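See structure below.
The values are calculated or read from the model by the stated rules, or taken from the named source; none is laboratory data. What you see is a predicted model; the values in this text were computed from it and never measured. Glycine also receives a Cβ, built like all others from the backbone with ideal geometry; neighbour counts cover every protein chain displayed. Areas reflect the complete protein model, heavy atoms only, side chains present, ligands, DNA and RNA absent. Shrake-Rupley method; radii C 1.70, N 1.55, O 1.52, S 1.80 Å.
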Amino acid sequence: MRKGKKMVTVLSYVILAAGLLWVSLPFVWMVLTAFKPAKEVLSMPPKWIPSVWQWENFKMALQQVPYARYFFNSVFTAVMVTVGEVFTTVLAAYAFAYIPFRFKNALFLVLVATMMVPGEILMIPNYITLSNWGWIDSYKALIIPWCASIFSIFLLKQQFESIPVSYYKSAKINGCSDLRFLFTILIPCSIPTLASIAILKFINCWNSYMWPLITTNSEEMRTLPVGMAAFSTEAGTRYHILMAFSILVIAPVIILYLFTQKYIVKGVSKSGLKG
């Protein structure tokens, strides 16, 4: 029995290692291509290791586009969207978890059902609405439509409901208002879940490409993912420069994830969604 379990464990690790290697190949190719000369990018047979490591690719990538401006737009947009979503999520989750009102369960089911609607379907009506309001090519168009998330509300509602109702009843008996109970008891008890919501939203907003692409017209409003399109021209794509710029785009997110992944796991597990 012990030998059989040991073989299963070893086989599991081998399969996981093979899967990790397979899914890592595109990332490894991107990193190595960022240092290749142009002639080696599409050479056949493929040449993985550059014959000459060209650090100049990163310098050329920074010269091609206004990286500092794109970086500021990405950071500002991601931070503001994250703050807005945390604010709306906290209030909505508290209302659905503790405040009684008519048709609460039916409304929550309708909201959860909207999660099955593909986001691409909402882009056209959202764009038309913002265009009529004169918000196109502005921070308002990049930020305001994404300051709420049904998934985040659902996640935090589960966390709030895991806290004993006796806390709420005791607080109300002692004259505690709803907002005071929310900010002094519920939120401190839900920091891991709120942290995971904020981190996931920041990463998702940072990587967003389609919405900033269709709502920004000027170079001053573009974000880093949209700036990557500058390396594709009618003459072709300069992959070595594009991959160098891609590393500059994803590096902040990778660093953020490495330092905060434990909060994501802890937040999801404490919300009651752990399998």
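Say whether the condition of being more than 30 Å from ILE150 (Cβ to Cβ) and of a type in the set (Phe, Trp, Tyr) is met by at least one residue in the range 74-97.
No.
Does the range 102-112 include one or more residues that are open to solvent by less than 50 Å² (accessible area, probe 1.4 Å), among the charged types (D, E, K, R) and either over 18 Å from SER208 (Cβ atoms) or not in a helix (DSSP H, G or I) (or both)?
Within the range 102-112, one or more residues are open to solvent by less than 50 Å² (accessible area, probe 1.4 Å), among the charged types (D, E, K, R) and either over 18 Å from SER208 (Cβ atoms) or not in a helix (DSSP H, G or I) (or both).
Those residues that are hydroxyl-bearing (Ser, Thr, Tyr) and not in a helix (DSSP H, G or I), I need them from the range 180-224; list them, please.
Correct list: SER190, SER208, TYR209, THR216, SER218, THR223.
Tell me which residues, restricted to the range 160-179, are free of Cβ contacts under 8 Å to residues at least 60 places away in the same chain, in a helix (DSSP H, G or I) and open to solvent by 30 Å² or more (accessible area, probe 1.4 Å). Steps first, please.
First pass over the range 160-179, keeping only residues free of Cβ contacts under 8 Å to residues at least 60 places away in the same chain: 163-167, 169-177, 179.
If we keep only those that are in a helix (DSSP H, G or I) too, we end up with 165-167, 169-173, 179.
Correct list: VAL165, SER166, TYR167, LYS169, SER170, LYS172, ILE173, LEU179.
If you scan the range 14-41, which residues turn out to be more than 17 Å from PHE245 (Cα to Cα), exposed (fewer than 14 other Cβ atoms within 10 Å of the Cβ) and modelled with pLDDT under 85?
The answer is LYS39, and nothing else.
In the range 140-155, what count of residues is obtained for those that are outside any loop (DSSP other than H, G, I, E, B) and open to solvent by 60 Å² or more (accessible area, probe 1.4 Å)?
Initial filter on the range 140-155 (outside any loop (DSSP other than H, G, I, E, B)): 140-146, 150-155.
If we keep only those that are open to solvent by 60 Å² or more (accessible area, probe 1.4 Å) too, we end up with 140, 144, 146, 151.
Qualifying residue count for the region: 4.
Can we say ILE144 is at pLDDT 85 or above and over 30 Å from PRO26 (Cβ atoms)?
So ILE144 fits the description; yes.
Specify which of the listed residues (MET221, MET228) is surrounded by 17 or more Cβ atoms within 10 Å (Cβ to Cβ), at pLDDT below 85 and on the phi < 0 side of the Ramachandran plot.
MET228
Of everything in the range 124-139, what is in a helix (DSSP H, G or I) and either touching a Leu at 6+ places or on another chain (Cβ under 8 Å) or open to solvent by 40 Å² or more (accessible area, probe 1.4 Å) (or both)? Give them in sequence order.
ILE124, PRO125, ASN126, TYR127, ILE128, THR129, SER131, ASN132, TRP133, TYR139
Going by the conditions given, is GLU85 loosely packed, with under 14 Cβ neighbours inside 10 Å, assigned to a helix (DSSP H, G or I) and within 23 Å of the chain's Cα centre (by Cα)?
Judged against the criteria, GLU85 is not a match.
Take the residues in the range 231-263 that are in contact with a helix residue (DSSP H, G or I) (Cβ under 8 Å, 6 or more places away or on another chain) and among the small types (Gly, Ala, Ser), then tell me which one is most open to solvent (accessible area, probe 1.4 Å).
SER232
Within the range 42-49, does at least one residue satisfy the condition of being surrounded by 12 or more Cβ atoms within 10 Å (Cβ to Cβ), in contact with a helix residue (DSSP H, G or I) (Cβ under 6 Å, 6 or more places away or on another chain) and over 30 Å from PHE245 (Cβ atoms)?
no
Quick check on this structure: which one of LYS59, LYS36 is part of a loop (DSSP other than H, G, I, E, B) and among the basic types (Lys, Arg)?
Selected residue: LYS36, the only one of LYS59, LYS36 that is part of a loop (DSSP other than H, G, I, E, B) and among the basic types (Lys, Arg).
Which residues, counting only those in the range 36-71, are hydrophobic (A, V, I, L, M, F, W, C) and in contact (Cβ under 8 Å) with a residue 60 or more places away in the chain?
Result: ALA38, VAL41, LEU42, PHE58, MET60, ALA61, LEU62, VAL65, PHE71.
Could you please tell me which pairs satisfy a Cβ distance under 6 Å, a separation of 6+ or placement on different chains, a first residue in the range 183-205 that is touching a residue at least 40 places away in the same chain (Cβ under 8 Å), and a second residue that is among the hydroxyl-bearing types (Ser, Thr, Tyr) and crowded, with 22+ Cβ neighbours inside 10 Å?
Hits for this filter: THR193/SER271; ILE197/SER152; ALA198/THR82; LYS201/THR82; PHE202/THR82.
Quick check: is even one residue across the range 94-105 of a type outside the set (S, T, N, Q), touching a helix residue (DSSP H, G or I) at 6+ places or on another chain (Cβ under 6 Å) and at pLDDT 90 or above?
Yes, there is a match, as at least one residue in the range 94-105 is of a type outside the set (S, T, N, Q), touching a helix residue (DSSP H, G or I) at 6+ places or on another chain (Cβ under 6 Å) and at pLDDT 90 or above.
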